[in-house]
Each structure stands twice: as C-alpha cells, then as structure tokens.
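Here the structure comes first, spelled out in structure tokens, and everything after it is commentary.
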Amino acid sequence: MPSPSSLTSTSSQTIPVTLNINGTEHTLQIDPRVTLLDVLREYIGLTGTKKGCDHGQCGACTVLVDGHRINSCLTLAVSYEGEEITTIEGLADGEELHPVQAAFIQHDAFQCGYCTPGQIMSAVGMLAEGHAETDDDIREQMSGNICRCGAYVNILAAVRQVYEQEHS
C-alpha cells in the first residue's frame, strides 16, 4: 500500500505550456490538471468565458479550438498547446463586432447575459460547421447551451439571420 506522502507528492508539480489565445501566445507554468476554462479565467484574465455547471452540461464555457466548439470546463489546458483558441473576447475585429455578436444585440438575444458568451461561441462554431440550415438544425446544434432566462426564440432569430446573410 502506498504511503500517504506518496499520494500527494505530485500535486504541486507544474509544467510549461504555451497557448495561442485570440492570436496571442501565452507561456504559462501550470499544473497539468488545470482546465482550459480555469487557465482562461484565472491565469490569463479572460473572464468572458463563464463557469456555469463545471460539468459540460450548460455550455457557458464554450470556446473555439481551431474553429471547433468545445466545453472548456471539460478539457485540460495542456491538450491545446499549438492550437488556436478563440474566446468571446477574440471575436470582434477592433470595434467591429462579429456578425453573430451584432445579431444577438439586434434581436435582444439575451436577458441576464450569463450564457451569452457561450451561446455566441457555439453559434459561431455551428455556422462554420455548416449545421444551421433549418430552425430545427439550429435548435438541435445549440441544445448544449442552456439559457435559464429563456431567450431561445431571440437566439434562434439571431443565428438564423446570420445564416441567411452568409447564404444569400
């Protein structure tokens, strides 16, 4: 049987990792068990990505990795070295909002706003994946993002508008 000291001896080990977040490289010394969500919020200071359930069930922590949406609360930061990570803070081009951000504002697709960054990031990823041809497609593909305030009708309208703009 291992001694109690051998069970805890690895808990303070850190490793170097370089992450490309919103086009900027961040070299960090982190515990390899730290989630991408915690690195974004606690190490980098990007608090737009939210910690909702911390179990991958609400979608508030959705970010893009190489253009694909992931739940950052379920993934280890060290897994994404060398990949392009985009958060809500990285969508706008200076003062020009991303089309999905602009559509969310135009359609008032939020109430309290807590889920909004995850909703927007999921919508951007879904549109890039080409999975938004119908309202049912949008509902299905966005089902991993929960809005407790119930802004789903307006979220659907915002995403549909961007899809139609991209395909007209």
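The values are calculated or read from the model by the stated rules, or taken from the named source; none is laboratory data. Given the structure is predicted, the values throughout are model-derived calculations rather than measurements. We place every Cβ from the backbone using ideal geometry, glycine too, and count neighbours over all the protein chains shown. Remember, those area values only see protein heavy atoms, side chains included, never the ligands or the DNA or RNA. Shrake-Rupley method; radii C 1.70, N 1.55, O 1.52, S 1.80 Å.
For the range 141-168, the tally of residues that are open to solvent by 60 Å² or more (accessible area, probe 1.4 Å) and not in a helix (DSSP H, G or I) stands at 5.
The listed residues are Ile88, Ile120, Ile138, Ile70, and the only one of them that is in contact with a Gly (Cβ under 6 Å, 6 or more places away or on another chain), of a type in the set (A, V, I, L, M, F, W, C) and crowded, with 16+ Cβ neighbours inside 10 Å turns out to be Ile88. Could you please let me know if Leu40 is under 13 Å from the mean Cα position of the chain (by Cα), among the aliphatic types (A, V, I, L, M) and at pLDDT 95 or above? For Leu40, the condition - under 13 Å from the mean Cα position of the chain (by Cα), among the aliphatic types (A, V, I, L, M) and at pLDDT 95 or above - is met. So if I check each of Met121, Met126, which one is touching a residue at least 40 places away in the same chain (Cβ under 8 Å), more than 15 Å from Ala60 (Cβ to Cβ) and touching a strand residue (DSSP E or B) at 6+ places or on another chain (Cβ under 8 Å)? Only one candidate qualifies: Met126.
Please state which one of Gly82, Gly94, Gly23 is on the phi > 0 side of the Ramachandran plot and without any contact (Cβ under 8 Å) to a residue 12 or more places away in the chain. Only one candidate qualifies: Gly94.
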